[in-house]
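Notes to accompany the following structure.
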Amino acid sequence: LGKSDDRPWDLAPGAFDREDESDDCAFYKTDRFVDHLDSTALKQIEELIGSLIIEESPAILDLMASWDSHLPSSVKASDVVGLGLNENELKKNGALTRCVIHDLNADPKLPFPDEAFDVVLCTVSVDYMTRPADVFRDVGRVLKPGGLYLVIFSNRYFPPKVVRMWREAGEDERVIIVEELFRACGAFEAPLTFVSRGRPRPENDKYSGLGIPSDPVYAVYADKLGGESGRRRPVPMRAFDEPAAGGTEERKKNVGTTLRCPYCEAKLDKWAVPQTPFTEWPNDFFYVCFNDKCEYFIRGWDSMSAQGNTGSYRFMYNHLKGTIHPLPVPSYGAFKDGIIDD
Ligand SMILES: C[S@@+](CC[C@H](N)C(=O)[O-])C[C@H]1O[C@@H](n2cnc3c(N)ncnc32)[C@H](O)[C@@H]1O
């Protein structure tokens, strides 16, 4: 990966090319005080980081840092070093105790001694590395044995500076790419993954009108080899998951009389069946749960993706046959124009 002498697989030439090969130091000189993700995704990232850091007063390296390190106040770090390219952004970062300007694409060797850190974070930035294998290997050097390397990413990025392999990969393939980077450098335990997608987009977000879910959060993480035997980090939770409601199966049996979703108990909407030349439904309408916060719909994003599909599905009840079905939907907004006012 990014190095010809020890690639774990053959990569097409140009896998690490970028549309904009101009000097990164010059490009990132311009201040960008932006949120890279919506607030739901950022909250998830903060909780993920908080749940995985179990060290007391850890020394933390924030790789490719900007003005926000996403560290929750529960993490009481002894030192937080931000390595990035924009001095003003790093100075604005209240979590940092030190800032280091260093171009990882020009020199992937980290300017720190061996075993200097307990935790290394890299948030929404791994896709900008042109020599990721070398960087990952060096993260293995600067971490203490058993230290945590946590790489977080989403599906938003600035295309001209992102490597071609990332742009051409699907979202699940990107998880595999990062897992492979962990494995290839031989410094870490088997990497673990975390995925949260399909949450409702915050209403005040500038893209909320597009009918798309909140930005997905993917993470791949592992401890450096040689840590305390038997020590385990907690399995991170998805921040917004409610415990699965009991009694769903019972409620499914009664949908015909309650006309409520058995998963979230919201009232089902009458939904006019679209008549197209390809479908001939005997029904004029079905009953559908259009609650965007319904756990069935939210979990549907993951199940559809696991089957190689996009979108999610909503709970649907066919009152003529007394049967229940998933109604595949490509977006949050899809089919809502078919809701019939009662
Ligand atoms: C999308 S931003 C993410 C910033 C921050 N990690 C966060 O979560 O908000 C990407 C960051 O990577 C840094 N970066 C890009 N190319 C870099 C390079 N060659 N060496 C070091 N840092 C780089 C930039 O300074 C920029 O702040």
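Coordinate-derived values only; no laboratory data. From a predicted model like this one, the values you see are computed outputs, not experimental measurements. Note that each Cβ is placed from the backbone with ideal geometry, even for glycine, and that neighbours are counted across all protein chains shown.
Report the residue, chosen from Glu280, Glu19, Glu203, that carries the largest GNM mean-square fluctuation when the chain is represented by alpha-carbon nodes joined by springs under 10 Å.
Looking only at Glu280, Glu19, Glu203, the biggest GNM fluctuation is shown by Glu280.
Rounded to a whole number of µm²/s, how large is the Stokes-Einstein D of the range 150-230 at 20 °C and 1.002 mPa s, given Rh as the Kirkwood radius over C-alpha pairs?
The calculation lands on 147 µm²/s.
Relative to the first principal axis of the alpha-carbon coordinates of the chain, what is the inclination of helix 132-142, with its axis defined by its Cα atoms, in degrees from 0 to 90 and to the nearest 10?
The angle comes out near 60 degrees.
Counting DSSP beta bridges in the chain, what percent are antiparallel, to the nearest 5? Walk me through the intermediate numbers first.
Values: 29 of 48 bridges.
Expressed as a percentage, antiparallel bridges in the chain total about 60.
Once each part is reduced to its C-alpha centroid, what is the distance from the range 17-70 to the range 258-292 in angstrom?
Distance between centres, Cα-based: 42 Å.
For the chain, modelled as a GNM with alpha-carbon contacts under 10 angstrom, which of Thr257, Thr248, Thr97 fluctuates the most?
Thr257
Suppose we flag chymotrypsin sites (Phe, Trp or Tyr not before Pro) only when DSSP calls them loop and at most 11 other Cβ atoms lie within 10 Å. Which is the longest uninterrupted stretch of the chain?
Counting at most 11 other Cβ atoms within 10 Å as exposed, the longest clean stretch of the chain is 34-277.
Under the Cβ-under-4.7 Å rule, which cysteines of the chain stay unpaired?
Cysteines lacking a close Cβ partner in the chain: Cys25, Cys99, Cys122, Cys185.
Please grab the % of Cα pairs in the chain that end up more than 34 Å from each other.
In whole percent, the long-distance tail amounts to 35.
What pairs in Lys161/Lys293; Lys161/Lys224; Lys92/Lys293; Lys43/Lys267 have C-alpha atoms more than 32 Å from each other?
Distance filter (> 32 Å) returns Lys161/Lys293; Lys92/Lys293.
Quick one: helix 171-185 against the long Cα principal axis of the chain, what's the angle to the nearest 10°, folded into 0 to 90?
30 degrees
Using modelled amide H (1.01 Å from N, peptide plane; none on Pro or chain starts), what sits under 5 Å from the amide H of Gly198, excluding residues fewer than 5 places away?
Under 5 Å from the amide H of Gly198 lie the amide H atoms of Ser214, each far enough along the sequence or on another chain.
Given the -39500 (n - 2.57) contribution per DSSP H run of 4+ residues, what per-residue ellipticity at 222 nm results for the chain, rounded to the nearest 500 deg cm²/dmol?
Mean residue ellipticity at 222 nm (helix-derived): -6000 deg cm²/dmol.
Restricting attention to the range 1-108, which trypsin sites (Lys or Arg not before Pro) occupy a DSSP loop and are surrounded by at most 15 other Cβ atoms within 10 Å? Before the final figure, lay out the partial values.
On the way: sites: Lys3, Arg18, Lys29, Arg32, Lys43, Lys76, Lys91, Lys92, Arg98; in loops: Lys3, Arg18, Lys29, Arg32, Lys76.
Qualifying residues, ordered by number: Lys3, Lys29, Arg32, Lys76.
Checking the cross-link filter: which aspartates and glutamates have an alpha carbon closer than 12 Å to that of Lys76, excluding same-chain neighbours under 8 positions apart?
Result set, ordered by chain and number: Glu55, Glu56.
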